[in-house]
Amino acid sequence: MALRPSLFVALAVPIMAAAAAAQTVDPGKAAGASPRTDYALTNARIVTAPGKVIERGTVIIRNGRIAAVGANVAIPAGVTRMDLSGSSVYPGLIDAATSVALPSPTRALPAQPGAPAAQAAGGRGAGPPAGGRGGGAGGRGAAAASPVPPVVLPELDAGAEAVDMFEPTEEQLRAFRAGGVTTVGLVFDGGLFPGRVGAALTSPPVETNIKLRPAAGQVVAFGRNREGYPGTGIGAVAFIRQAFLDAQYEGRLDAAMKKGVPGAPRPSNDPFTRALVPAATNEMPAWFLASTEREITRATDIAAEMGLKGPVIVGTREGWRRLENLKRSGALAVVSLDWPSVESITGRAFLAVGNGRSGEAPAPTAADTAEIRGNAAALARAGIPVAFASFGGESGNAFRDRIRLSIAAGMSPDDALKAATVTPAQVLGVSSSVGTIEPGKLANLLVVSGNDLFAAQNPIRQVFIEGRIY
């Protein structure tokens, strides 16, 4: 006998309710992913933010987010309890800048279909040449063939989004998580204006949408253009300056058109220039790739001249040598923990002059190494905001190890934790989701033995990303 509709609904409702009680609804999960489990992390020492500690408390995780945290938290029914006595819970670490799993802006380009053999296409393969600086194709002599899309060179693909081009392997994601890195800032390495900064999670893409935020900043680099200009460092400076001036002018024309100013020229609508308008008009921060003393000077000078507020200096490996420039420009330093060698530091070669050793620079000393490793500490003491990054090097365990060495070189543990959680979350524009342990934020958490996240003898026991254990 067939069930009547009313009887079917009456039977289905309690069955559905029982299923809902057994597992958390996860509307944001990736297709085919298993449901999340809700947890109560009990009897743990909880570091909710730098300098803020609950000596013995509970964190409630529901639907991938932090539902409650405190010393006296009621544990709801239906959650899995984890007794973490003897362990500490910290916010997941954030690697503020990595180019792992991103295409290089200087990569070799494939031949463009339908184009002459010598022509190549790059970037996203759409739109006119970057700022009119790429190659063209077509013309009246090629009427019989389909028009060839103009070239967008990746070193000049200013509108490219790093989050859309981030294609990590599971091995790369495991390496991030092994060192407690749950969120990464994605920054193209090289070129001139290779695209925009984004933020992503380090969980497997099959479990969730790992794209956390696009358009967090505009990457600016002192690179080269494979088509010829600019081909030198000073040429790159001139190119960058002019690109910002053009974008500011475009912004003014666009504003005049919206206001209906009589006789105002029309905007050019050049895709390259328009992509730079947000950074040129301070709607989006400019992220300058600048590690050496000279590059930092150039970046801060351009920022001052163009009126760019709060520039982000990525790399900053010789930041201690340009403290005044960084402070004067109001810069935030995304400090790479991929430290340079002593021999490569600016001015090192000049020490060889007159030392009576056939032009050889003096051998590196322990003091030289300490100065390099103390870079982040020097910046923090000068009042310059610091975010840690693996940019140019390894992340994961190497990232955590080098934070520990930065503490040994003079950075306070609280400043180091801030540089690996709060500040990178702020500069990437994801503070509402990650960086601290607060209700409503993603449950990106680390559980470590003992009470020191960066102590070599304290292993990471669990890594939570959006409430899932890895």
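So is residue 336 open to solvent by 20 Å² or more (accessible area, probe 1.4 Å) and under 20 Å from the mean Cα position of the chain (by Cα) or not?
Values: open to solvent by 20 Å² or more (accessible area, probe 1.4 Å): no; under 20 Å from the mean Cα position of the chain (by Cα): yes.
No, not satisfied.
Just to verify a result, which residue in segment 26-41, among those that are among the hydrophobic types (A, V, I, L, M, F, W, C) and assigned to a loop (DSSP other than H, G, I, E, B), is modelled with the lowest pLDDT?
The extreme case among them is 31.
Being buried (at least 20 other Cβ atoms within 10 Å of the Cβ) and in a loop (DSSP other than H, G, I, E, B) is the filter here; which residues of segment 310-333 pass it?
311, 316, 317, 318, 322, 331
Determine whether residue 247 is touching a strand residue (DSSP E or B) at 6+ places or on another chain (Cβ under 9 Å), of a type outside the set (Lys, Arg), crowded, with 16+ Cβ neighbours inside 10 Å and without any contact (Cβ under 8 Å) to a residue 40 or more places away in the chain.
Details: touching a strand residue (DSSP E or B) at 6+ places or on another chain (Cβ under 9 Å): no; of a type outside the set (Lys, Arg): yes; crowded, with 16+ Cβ neighbours inside 10 Å: yes; without any contact (Cβ under 8 Å) to a residue 40 or more places away in the chain: yes.
When the stated conditions are applied, residue 247 does not pass them.
Starting from residues that are touching a residue at least 12 places away in the same chain (Cβ under 8 Å) and under 30 Å from the mean Cα position of the chain (by Cα), keep the ones in segment 255-272 and report whichever is least open to solvent (accessible area, probe 1.4 Å). Before the answer, list the steps.
Applying the first criterion (touching a residue at least 12 places away in the same chain (Cβ under 8 Å)) to segment 255-272 yields 265-268, 270-272.
Subset that is under 30 Å from the mean Cα position of the chain (by Cα): 270-272.
On the way: 270: 32, 271: 61, 272: 9 Å².
Residue satisfying both the conditions and the ranking: 272.
Please work out which one of (1) closer than 30 Å to residue 377 by Cβ; (2) buried (at least 20 other Cβ atoms within 10 Å of the Cβ); (3) aliphatic (A, V, I, L, M) is the condition residue 304 fails and give its number.
The number of the failed condition is (2).
Given the criterion among the charged types (D, E, K, R), assigned to a loop (DSSP other than H, G, I, E, B) and either touching a residue at least 40 places away in the same chain (Cβ under 8 Å) or crowded, with 16+ Cβ neighbours inside 10 Å (or both), identify the matching residue among 438, 371, 360. Even if it seems obvious, please write down each step before you answer.
Numbers: 371 fails: assigned to a loop (DSSP other than H, G, I, E, B); 360 fails: either touching a residue at least 40 places away in the same chain (Cβ under 8 Å) or crowded, with 16+ Cβ neighbours inside 10 Å (or both).
That would be 438, the only listed residue that is among the charged types (D, E, K, R), assigned to a loop (DSSP other than H, G, I, E, B) and either touching a residue at least 40 places away in the same chain (Cβ under 8 Å) or crowded, with 16+ Cβ neighbours inside 10 Å (or both).
Looking at segment 42-78 only, could you name the residues that are at pLDDT 95 or above, open to solvent by 20 Å² or more (accessible area, probe 1.4 Å) and at positive phi?
Selection gives 43, 51, 63.
Please specify each residue of segment 264-283 satisfying the condition of being part of a helix (DSSP H, G or I) and closer than 20 Å to residue 306 by Cα.
Within segment 264-283, the first condition is being part of a helix (DSSP H, G or I), and the residues that meet it are 271-280.
272, 273, 274, 275, 276, 277, 278, 279, 280 - these are the residues of segment 264-283 that are part of a helix (DSSP H, G or I) and closer than 20 Å to residue 306 by Cα.
Checking the structure you have, find out if any residue of segment 380-392 is assigned to a helix (DSSP H, G or I), out of contact with any Leu (no Cβ under 8 Å at 6 or more places or on another chain) and either among the basic types (Lys, Arg) or crowded, with 16+ Cβ neighbours inside 10 Å (or both).
Here is the first cut: in segment 380-392, the ones assigned to a helix (DSSP H, G or I) are 380-381.
Checking the rest, the ones that are also out of contact with any Leu (no Cβ under 8 Å at 6 or more places or on another chain) come to 380-381.
Applying the additional criterion that residues be either among the basic types (Lys, Arg) or crowded, with 16+ Cβ neighbours inside 10 Å (or both) yields 380-381.
Checked against the condition, which is being assigned to a helix (DSSP H, G or I), out of contact with any Leu (no Cβ under 8 Å at 6 or more places or on another chain) and either among the basic types (Lys, Arg) or crowded, with 16+ Cβ neighbours inside 10 Å (or both), segment 380-392 yields at least one hit.
For segment 284-309, which positions are in a loop (DSSP other than H, G, I, E, B), more than 18 Å from the chain's Cα centre (by Cα) and either on the phi < 0 side of the Ramachandran plot or free of Cβ contacts under 8 Å to residues at least 12 places away in the same chain (or both)?
Filtering segment 284-309 for residues in a loop (DSSP other than H, G, I, E, B) gives 284-285, 291-292, 307-309.
Now narrow it down to the ones that are more than 18 Å from the chain's Cα centre (by Cα): 292, 307-309.
Correct list: 292, 308, 309.
Of a type outside the set (Ser, Thr, Tyr), assigned to a strand (DSSP E or B), open to solvent by 20 Å² or more (accessible area, probe 1.4 Å) and touching a strand residue (DSSP E or B) at 6+ places or on another chain (Cβ under 7 Å) - does that describe any residue in segment 221-232?
Keep residues of segment 221-232 that are of a type outside the set (Ser, Thr, Tyr), which gives 221-228, 230-231.
Subsequent filtering for residues that are assigned to a strand (DSSP E or B) retains 221.
Next, only the ones that are open to solvent by 20 Å² or more (accessible area, probe 1.4 Å) stay: none.
No.
Among the residues of segment 273-299, write down those that are open to solvent by less than 10 Å² (accessible area, probe 1.4 Å) and more than 17 Å from residue 427 (Cα to Cα).
Of all residues in segment 273-299, those open to solvent by less than 10 Å² (accessible area, probe 1.4 Å) come to 276, 279-280, 286-288, 290, 296, 299.
Matches in segment 273-299: 276, 280, 296, 299.
Out of the residues in segment 394-412 that are open to solvent by 30 Å² or more (accessible area, probe 1.4 Å) and hydrophobic (A, V, I, L, M, F, W, C), state the one that is modelled with the lowest pLDDT. Can you show your working first?
First pass over segment 394-412, keeping only residues open to solvent by 30 Å² or more (accessible area, probe 1.4 Å): 394, 397-398, 401-402, 404-405, 407-410, 412.
Filter once more, keeping what is hydrophobic (A, V, I, L, M, F, W, C): 398, 405, 407-409.
Values: 398: 94, 405: 97, 407: 98, 408: 97, 409: 97.
Checking each candidate, the answer is 398.
Just to verify a result, which residue in segment 139-193, among those that are in a helix (DSSP H, G or I) and modelled with pLDDT under 95, is most open to solvent (accessible area, probe 1.4 Å)?
Just the residues of segment 139-193 that are in a helix (DSSP H, G or I), to begin with: 140-142, 154-156, 162-165, 170-178.
From the residues that got through so far, the ones that are modelled with pLDDT under 95 too are 140-142.
Values: 140: 231, 141: 87, 142: 40 Å².
Of everything passing the filter in segment 139-193, 140 is most open to solvent (accessible area, probe 1.4 Å).
Among residues belonging to segment 194-211 that are open to solvent by less than 20 Å² (accessible area, probe 1.4 Å) and within 20 Å of residue 284 (Cα to Cα), point out the one that is farthest from the chain's Cα centre (by Cα).
194
Given the criteria aliphatic (A, V, I, L, M) and over 15 Å from the mean Cα position of the chain (by Cα), does residue 175 qualify? Give the derivation first.
Details: aliphatic (A, V, I, L, M): yes; over 15 Å from the mean Cα position of the chain (by Cα): yes.
Yes: the conditions hold for residue 175.
The values are calculated or read from the model by the stated rules, or taken from the named source; none is laboratory data. Just so it is clear, the structure is predicted and the values come from calculations on it, not from any experiment. Neighbour counts are summed over all protein chains in view; Cβ atoms, including those assigned to glycine, are modelled from backbone coordinates with ideal geometry. These area figures cover heavy atoms from the full protein model, side chains too; ligands, DNA and RNA do not enter into them. Shrake-Rupley method; radii C 1.70, N 1.55, O 1.52, S 1.80 Å.
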